[in-house]
Amino acid sequence: MVVPLYNESESISELHNEICLVCETEKMPFEIIYIDDGSSDRSFDILQSIHKKDARAKVIRFRKNFGKAEALSAGFGAATGEWIVTMDADLQDDPAEIPRLIQKLKEGYDLISGWKKKRKDKLLKRISSKFYNMVTGLLTGLRIHDMNCGLKIYQRPVTESIQIYGDMHRYIPALAKLEGFKVGEIPVNHRPRKYGKTKYGLSRFTHGMLDLITVMFLSRYTRRPLHLFGLIGLISTLLGSGITIYLIILRITKTIYLSNRPLLFIGVLLIIIGIQFISIGLLGEMITRSQAGDHKHSIRQTLGV
């Protein structure tokens, strides 16, 4: 179990007891890795107390808030199991769904994502989620209902292969699918928020669209950036060259002066822009994707990891 959290002191103990009850009932060996993403409340004190009583609870504490993607990345790196379950710490994800996730994973999938079919969130959050899932499905070819559900189960090779940073956790199923893994989905129980308030604001809308562009670029052009920038540059250069040649022919055949022709400046500008895009593409070819996977989280303290 990998559980990222930020200021969830009221729900941690209850969540831990629920997870333990489910796993012990199913007689499954397990560990729980809590990632305290720079909480400013008593979250770490509670985690420390849980760890002292239960060695299966392990804790990673960040020095400051780095975000959910970095927290998940740290948890994936510390996990030792062959199956890795993620869930949010706010009690809206139901640990009782873990056996069903495992059962579905055994059908030959690499990743199973939960689908909050009856979502207990505000109307705006539900509408924005449906919009992003629809757009992401159209662009990536992965047609699932809930891309960003916190409740997921992974085969270990998935967590070792995909690179998440920034806010890329929203598109983990899409990243896995684009890497060739088999992704599935099952409806899961979603509960109303019991304590505190959501950590997501209006900025997640713009961030989500920008992250989607990043996903598409990394999946299609990260190993061949010249195919994207070069195509734009080639089109621009050809248009600019065509305009310039046309004006040269007019100047020679009809003795038309070009100093007062704005079209000349447009043609030259398109050529310059085209050359710049091609240059960007060539520079991109020299940059390796491994640089994007350098995680920048700074761990302050660990317990049992």
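Bear in mind these aren't lab numbers, they're just calculated from the coordinates by the rules spelled out. The structure displayed is predicted, hence computed values, not measured ones. Because the Cβ atoms are built from the backbone with ideal geometry, glycine has one as well, and the counts that use them run over all protein chains shown.
Taking other Cβ within 10 Å of each residue's Cβ, how do Phe217, Phe229 sort, fewest first?
Phe217, Phe229
Would you mind calculating the relative contact order of segment 79-155 from Cα pairs under 8 angstrom and at least 6 residues apart, reporting the percent as a whole number?
Answer for segment 79-155 is 52 percent.
For Ile272 and Ser49, calculate 0.36 nm times their separation in residues minus their Cα-Cα distance, and state this gained length in nm to one decimal.
Extending this stretch completely gives an extra 73.9 nm.
Could you give me the radius of gyration and the Dmax of segment 1-85, taking only the C-alpha atoms into account and expressing both in angstrom?
12.2, 36
Label Arg224 and Leu139 with points 7 Å out from Cα along Cα→Cβ: what is the distance between them in nm?
Calculated label separation equals 2.0 nm.
Dipole size in debye (nearest 20) for the chain around its Cα centre, Lys and Arg Cβ +1, Asp and Glu Cβ -1?
The calculated dipole for the chain is roughly 1000 debye.
At q = 0.19 Å⁻¹, what is the log10 ratio I(q)/I(0) for segment 1-155, with the Debye formula run over Cα points and no solvent?
Values, matching the q order: -1.28.
Give the cross-link partners of Lys58 among the lysines, using a straight C-alpha distance below 18 Å as the criterion and excluding same-chain residues fewer than 8 apart.
Lys68
I need Ile98, Ile280 ordered by Cβ neighbour count within 10 Å, fewest first.
Ile280, Ile98
Could you put Asp36, Asp90, Asp54 in order, starting from the residue whose Cβ has the fewest other Cβ atoms within 10 Å?
Least to most surrounded, the residues fall as Asp54, Asp90, Asp36.
Once the piece of chain linking Ser161 and Leu263 is laid out straight, how much longer is it, given 0.36 nm per residue of separation minus the C-alpha distance between them?
Separation in residues times 0.36 nm, less the Cα-Cα distance, equals 31.7 nm.
In whole percent, what relative contact order does the chain give with Cα contacts below 8 Å and a gap of six or more residues?
22
Below 8 Å between Cα atoms, with a sequence gap of 6+, how large is the relative contact order for segment 225-289 in percent?
Dividing the mean separation by the residue count of segment 225-289 yields 57 percent.
Name the residue, out of Glu82, Glu185, Glu18, whose mean-square fluctuation peaks in a Gaussian network model built on the chain with Cα pairs under 10 Å.
In this elastic network of the chain, the residue with the biggest mean-square fluctuation among Glu82, Glu185, Glu18 is Glu82.
Applying 1/(1 + (r/R0)^6) with R0 = 25 Å to the Cβ-Cβ distance of Ile213 and Leu239, what FRET efficiency is obtained, to the nearest 0.05?
0.55
Antiparallel versus total DSSP beta bridges in the chain: what percent is that, nearest 5?
Within the chain, antiparallel bridges account for around 45 percent of the total.
Of the candidates Ile102, Ile127, Ile46, which one comes out as most mobile in a Gaussian network treatment of the chain with C-alpha springs shorter than 10 Å?
Among Ile102, Ile127, Ile46, the largest mean-square fluctuation in the Gaussian network model of the chain belongs to Ile127.
What are the semi-axes of the equivalent ellipsoid for segment 225-289, taken as the square roots of 5 times the Cα gyration tensor eigenvalues, largest first, in whole Å?
Three semi-axes, in Å: 32, 9, 6.
What Kirkwood Rh does the chain have if only Cα atoms enter the pairwise 1/r average? Answer in Å.
21.9
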